[in-house]
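The values are calculated or read from the model by the stated rules, or taken from the named source; none is laboratory data. This one's a predicted model, so the numbers in the text were calculated from it and none came from an experiment. Cβ: placed from backbone, ideal geometry, glycine included. Neighbour counts: every protein chain shown. These accessible areas exclude ligands, DNA and RNA; they are computed on the full protein's heavy atoms, side chains included. Shrake-Rupley method; radii C 1.70, N 1.55, O 1.52, S 1.80 Å.
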Amino acid sequence: MTVGREYRKSTSEDLQLRYGTGVLWTHNKSEQGYNKTLAISQRNFTKREYSDYGVNLILGINYEIGNNPILGVEMLPQVTYRSGTLEEVRERDDQWSNDIDEKGDISGYNYGLSNSSALLVLVYRLNK
């Protein structure tokens, strides 16, 4: 979820700059596991849970194609902090393998710009 404020400034009759900022938060929880039985019974299980907190900038331009259509390009560089845990369990029913039960911290910072943060916007304005 992202909440923010965007501002627009006209640079000419057909061109507008778009700028602003937003705050974001996401939460993710996933569990995957399977049991496999061939000659040896095996069980794998992975559990991830994390939250991302961050801020992003809004940088873009709008170009008025005609009276009502507008073509826009927007980039959203961001900085986020992830707080979360990862748990992995691997068990095998044989005498030569050790069971593995690992728990870890997957917290850390992330920053940058990716292709999912660039938007192409086509708008049809109902009134001017």
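Residues in region 1-59 that are out of contact with any Ser or Thr (no Cβ under 8 Å at 6 or more places or on another chain) and acidic (Asp, Glu): Glu6, Glu13, Asp14.
Please verify whether region 34-46 includes one or more residues that are basic (Lys, Arg), closer than 20 Å to Gly108 by Cα, touching a residue at least 24 places away in the same chain (Cβ under 8 Å) and surrounded by 14 or more Cβ atoms within 10 Å (Cβ to Cβ). Within region 34-46, none of the residues are basic (Lys, Arg), closer than 20 Å to Gly108 by Cα, touching a residue at least 24 places away in the same chain (Cβ under 8 Å) and surrounded by 14 or more Cβ atoms within 10 Å (Cβ to Cβ). Considering region 86-97, the residues that are within 20 Å of Lys47 (Cα to Cα) and open to solvent by 80 Å² or more (accessible area, probe 1.4 Å) include one that is modelled with the highest pLDDT, namely Arg90. Of the strands (runs of 3 or more DSSP E) that lie entirely inside region 1-80, those containing 2 or more residues that are in contact with a strand residue (DSSP E or B) (Cβ under 6 Å, 6 or more places away or on another chain) and modelled with pLDDT under 90 span 15-37, 41-64.
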